[in-house]
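The values are calculated or read from the model by the stated rules, or taken from the named source; none is laboratory data. Note that the structure is a prediction, hence the values are computed from the model and not measured. So basically every Cβ, Gly included, is an ideal-geometry build from the backbone, and we count neighbours across all protein chains shown.
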Amino acid sequence: MGQIEITSPVDVLDSTGNPVNFGWACSSFFQYNTDFLRVSRLNVSESDRYIIFSPAYIIVFEILDSGFLAYASISVVPTKSKQKTSQIFTMPFSLGRFNISPNGGDDSIRIEQKKSFLGFISMEKGIKIIKTDIPKFGHQRRLRGEVVLFEPAGKAQSIITHAPWCKEKRAFRYSYSSPWYIVEGVMQFGTSEIVFSRGSAWGIFNRTSSVRPRSDTRFWASACGVCNSKQIAFNVGYGSEDSSAGTENAFFLDGKIHKLDQVTFHISPTDWLLPWHFTSNDNRLEMVFTPYQARLEHNQMLFHYIRSRQAYGFFSGKVVLDDGNMFEFKNLTGFTERRKTRF
């Protein structure tokens, strides 16, 4: 079965709650109506992730609501040292408390816990704003500031996919990734200022909505930056769902998508800090990831757990564009992840 590009509006679910119309799109053609869900809210997962890069730091924000458990996590990772600081705010039996819009619309998420605040705001023209004020972040340092994410000039495209799990009738994964944002703003981190300036700071946004299977192992990698005066980005990944109708693998050049088929991650089984290798079955992508540090995260409630292992580093490689030309890139800042879940 070949990949199916969706080019006109279609529904993610039919009126009986079954997932339909599998494939991929580069614009918002999928329409996900949660009123059609015929499963318990405890079986529904929704998440937003923002990864923003400056020359000196990577900051990762994640908001996840899995029905049983919700959490917001923030990690501050310096690019030139192996120190990192993370903090997680958890909320048991959340049941959709964050009100994440499944269609990537103009929504706002506000999280307050004790004296800490996180805000995520979607504005017109694709602008996104992140505000944070955490008085005791990590080692008692304050994390406070605001960043703005802008779409690149012109009509930027995204990679949007809808895929089923073959053995579980109502389970599906609907994903929306835009890895090409331009970032501007300042975060005060203790006595240091993390400055995000146009032209040297970039951002990745990923939104996922799903009716979960009982377990899943997922791999994801993404990066963004400038090479040869071009803004470049990519999103690659896979899990246990059936992605034959449309993978989430894509390379972006100045916001324009170049679609890839299946991509495989080749990881050392003994040391995650050894170079990773990436290849595609259509021979269009070859790249090497050189990590400089890794991070483990474990969240659990009753029999439900999420275990993530992330690595941060630099990508170099080459990709064949849709017109057949080869594009090479070096030392693109990004991150990788393996995530295991069980419910």
Checklist entry - In region 318-329, how many are in a strand (DSSP E or B) and either within 16 Å of the chain's Cα centre (by Cα) or exposed (fewer than 14 other Cβ atoms within 10 Å of the Cβ) (or both)? => result 3
Checklist outcome for this item: residue 264: passes all of (1) of a type outside the set (D, E, K, R); (2) assigned to a strand (DSSP E or B); (3) in contact with a Ser or Thr (Cβ under 6 Å, 6 or more places away or on another chain); (4) over 24 Å from residue 5 (Cα atoms) but (4)
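For every residue, the table says whether it meets (1) touching a strand residue (DSSP E or B) at 6+ places or on another chain (Cβ under 9 Å); (2) surrounded by fewer than 19 Cβ atoms within 10 Å (Cβ to Cβ).
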site	(1), (2)
24	yes, no
38	yes, yes
41	no, yes
49	yes, no
55	yes, yes
Checklist entry - Restricting to region 315-343, what's the tally of residues that are closer than 13 Å to residue 273 by Cα and either acidic (Asp, Glu) or free of Cβ contacts under 8 Å to residues at least 60 places away in the same chain (or both)? => result 1
Checklist entry - Given 110, 170, 142, which one is assigned to a strand (DSSP E or B), under 30 Å from residue 36 (Cβ atoms) and not aliphatic (A, V, I, L, M)? => result 110
Next on the checklist: Just checking, does region 123-136 include any residue being touching a residue at least 40 places away in the same chain (Cβ under 8 Å), part of a loop (DSSP other than H, G, I, E, B) and in contact with a strand residue (DSSP E or B) (Cβ under 8 Å, 6 or more places away or on another chain)?
Outcome noted: no
Next on the checklist: Yes or no: region 86-96 includes at least one residue that is in a loop (DSSP other than H, G, I, E, B), of a type outside the set (D, E, K, R), at pLDDT below 85 and under 17 Å from the mean Cα position of the chain (by Cα).
Outcome noted: no
Next on the checklist: Among the residues of region 182-225, what is the count of those that are surrounded by 16 or more Cβ atoms within 10 Å (Cβ to Cβ), aliphatic (A, V, I, L, M) and more than 15 Å from residue 159 (Cβ to Cβ)?
Outcome noted: 7
Checklist entry - Among 217, 270, 290, 208, which is the only one that is assigned to a strand (DSSP E or B) and farther than 23 Å from residue 53 by Cα? => result 217
Checklist entry - When you scan region 293-311, how many residues do you find that are assigned to a strand (DSSP E or B), touching a residue at least 40 places away in the same chain (Cβ under 8 Å), of a type in the set (A, V, I, L, M) and over 26 Å from residue 181 (Cβ atoms)? => result 1
Checklist entry - Within region 61-79, is there a residue that is in contact with a strand residue (DSSP E or B) (Cβ under 9 Å, 6 or more places away or on another chain), in a loop (DSSP other than H, G, I, E, B) and closer than 25 Å to residue 148 by Cα? => result yes
Checklist entry - Just one of the numbered conditions (1) farther than 24 Å from residue 250 by Cβ; (2) modelled with pLDDT under 95 is not true of residue 217; which one? => result (1)
Checklist entry - Does residue 118 meet the test of being at pLDDT below 95 and not in a strand (DSSP E or B)? => result no
Next on the checklist: Return the residues of region 253-303 that are surrounded by fewer than 17 Cβ atoms within 10 Å (Cβ to Cβ), hydrophobic (A, V, I, L, M, F, W, C) and under 16 Å from residue 327 (Cα atoms); say none if nothing qualifies.
Outcome noted: 288
Checklist entry - Among 246, 237, which is modelled with pLDDT of 95 or more, crowded, with 19+ Cβ neighbours inside 10 Å, assigned to a strand (DSSP E or B) and under 18 Å from the mean Cα position of the chain (by Cα)? => result 237
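From the residues in region 29-53 that are within 25 Å of residue 339 (Cβ to Cβ) and part of a loop (DSSP other than H, G, I, E, B), which one is modelled with the lowest pLDDT?
We begin by selecting, within region 29-53, every residue within 25 Å of residue 339 (Cβ to Cβ); these are 30, 32, 34, 37, 39-53.
If we keep only those that are part of a loop (DSSP other than H, G, I, E, B) too, we end up with 32, 37, 39-40.
Numbers: 32: 93, 37: 92, 39: 91, 40: 87.
Once the filter is applied, the top-ranked residue is 40.
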